[in-house]
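See below for the structure under consideration.
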2 protein chains.
Amino acid sequence: MALGLDSTTALAIAKDQGFDPYALSFRYGQRHQVELESAARVVEAMGVVEHVIAEIDLRRFGGSALTAEIDVPKERSVEAMGEGLPATYVPARNTVFLSCALAWAEVLGSSDIFIGVNALDYSGYPDCRPEYLAAYEQMANLATAAGVEGRQHLKIHSPPIALTKAQIIARGGALGVDYGLTSSCYDPAEDCRPCGRCDSCQLRAKGFAEAGLADPLLTRFAGD
Amino acid sequence: MALGLDSTTALAIAKDQGFDPYALSFRYGQRHQVELESAARVVEAMGVVEHVIAEIDLRRFGGSALTAEIDVPKERSVEAMGEGLPATYVPARNTVFLSCALAWAEVLGSSDIFIGVNALDYSGYPDCRPEYLAAYEQMANLATAAGVEGRQHLKIHSPPIALTKAQIIARGGALGVDYGLTSSCYDPAEDCRPCGRCDSCQLRAKGFAEAGLADPLLTRFAGD
């Protein structure tokens with residue numbers, strides 16, 4: 001997970017529900033390795049049993065502004081984000097990520113996979129919708145020995161899926177999440193400073209504004 | 001793909017059906033890199049548009065004799081292979097492989113993914129069954145932009161799924177496949193010589209015997 005708002009809040013909710021989480025991040029050829037530093041900070045602050053960074057080079061397949069030399073779109077209106085797929089879409093990314101999580105879950109004997117996807121304030125990615133996650137869950141239960149033998153029923157959880165960004169921020173805040181550690185930007189500077197203009201920065205800003213809160217990440221950089 | 005009997009025959013059938021195939025192999029932490037040399041030889045002999053070897057280290061998640069320091073079971077009877085899951089099962093392997101193929105297919109604009117899995121003469125892996133592949137196909141059509149927008153209907157093909165090993169060998173032979181280039185063994189020697197005793201070697205031997213043919217791979221090593 002990138003550890004942006006959605007993933008971090010999903011992790012906080014999993015812990016609040018009594019799970020002992022294992023965290024999985026990916027070095028997938030993203031332009032910005034800063035995502036992984038952010039993930040490590042979040043995971044350390046929140047506490048998990050184990051944090052694995054898996055290597056899988058999605059650049060090999062091309063097709064996205066997040067992994068290839070294509071410009072990240074900036075200054076799109078939030079309304080426009082719902083129309084058509086942006087260049088930041090990484091083909092089948094969540095499917096690849098969930099499949100690695102499924103492999104690990106089966107080895108660990110875990111029945112529960114949490115992913116922070118959101119289908120309300122989002123960029124229109126097909127693999128962020130509830131019907132996709134439901135189909136993934138059904139497939140996962142046929143893919144694994146434990147599922148087939150009826151020893152466990154795999155469940156894919158995405159607690160933020162039906163929340164607005166403002167609701168996600170409020171929920172995470174109530175659980176003590178420090179969003180100053182998270183990173184949402186698709187095109188951050190070397191020092192992690194967000195660009196403020198990509199879809200993800202705009203959705204984040206809208207969320208904090210609607211929640212009536214200051215974004216601690218921006219506060220941190222404003223102090224520079 | 002390992003390029004064993006099933007994958008190689010699936011590739012030959014795809015070509016025979018008029019597809020221009022792109023081939024995808026994985027360096028997934030398997031003990032035997034010889035698999036990839038075999039894949040490269042097969043792909044070169046058969047002709048594909050492009051061959052990509054993707055890197056994804058499934059050892060990170062453990063749990064299998066094919067990726068970890070667990071002994072590969074030997075001398076199991078073919079009947080015993082149908083009962084319970086052997087140590088060679090790699091958790092969620094076909095799901096991870098298909099997910100990478102899905103990413104690449106979406107970038108290429110391809111609607112057809114071929115995988116060489118077989119549910120008759122096999123080791124009892126859950127991710128080799130027709131109901132698993134059907135569920136994967138359904139999920140894939142919800143996971144991708146092209147599927148969601150109705151621009152294409154992704155189809156997962158596994159031509160060998162309902163054939164015996166003998167039928168697979170006969171079909172591939174009729175299409176001119178040179179099985180002397182393929183590798184099936186779970187535990188080959190440095191020079192690619194098959195162990196002859198693992199599940200995969202035994203299923204292969206049974207297939208050639210039932211097809212009434214000599215295995216050209218064994219003929220090659222018998223000449224040493």
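Some notes on this structure:
- Going through (1) surrounded by fewer than 23 Cβ atoms within 10 Å (Cβ to Cβ); (2) at pLDDT below 85; (3) of a type in the set (Asp, Glu); (4) part of a helix (DSSP H, G or I) one by one, residue A:69 falls short only on (4).
- The residue of the range B:38-60 that is surrounded by the most Cβ atoms within 10 Å (Cβ to Cβ), among those that are out of contact with any Asp or Glu (no Cβ under 9 Å at 6 or more places or on another chain) and at the interface with chain A (Cβ under 9 Å from one of its Cβ atoms), is B:58.
- Filtering the range B:93-144 to residues that are buried (at least 21 other Cβ atoms within 10 Å of the Cβ), farther than 23 Å from residue B:61 by Cβ and of a type in the set (D, E, K, R) leaves B:106, B:121.
- Here residue B:146 passes the criteria (1) within 23 Å of residue B:89 (Cβ to Cβ); (2) within 14 Å of another protein chain (Cβ to nearest Cβ); (3) in contact (Cβ under 8 Å) with a residue 40 or more places away in the chain except the one numbered (1).
- In summary, residue B:180 fulfils each of the numbered conditions (1) more than 24 Å from residue B:37 (Cβ to Cβ); (2) part of a helix (DSSP H, G or I) with the single exception of condition (1).
- Residue tally, condition at the interface with chain A (Cβ under 8 Å from one of its Cβ atoms), more than 24 Å from residue B:185 (Cβ to Cβ) and not in a helix (DSSP H, G or I), over the range B:92-130: 0
- Taken as a whole, the structure places residue A:214 among residues that are over 26 Å from residue A:133 (Cα atoms) and in a loop (DSSP other than H, G, I, E, B).
- The residue of the range A:12-37 that is surrounded by the fewest Cβ atoms within 10 Å (Cβ to Cβ), among those that are touching a strand residue (DSSP E or B) at 6+ places or on another chain (Cβ under 7 Å) and part of a helix (DSSP H, G or I), is A:36.
- Residue match in the range B:4-25 (condition: modelled with pLDDT under 85 and away from every other protein chain (no Cβ under 13 Å)): no
The values are calculated or read from the model by the stated rules, or taken from the named source; none is laboratory data. Everything numeric in this text was worked out from a predicted model, so none of it was measured. Virtual Cβ from ideal backbone geometry, glycine too; neighbours counted across all protein chains shown.
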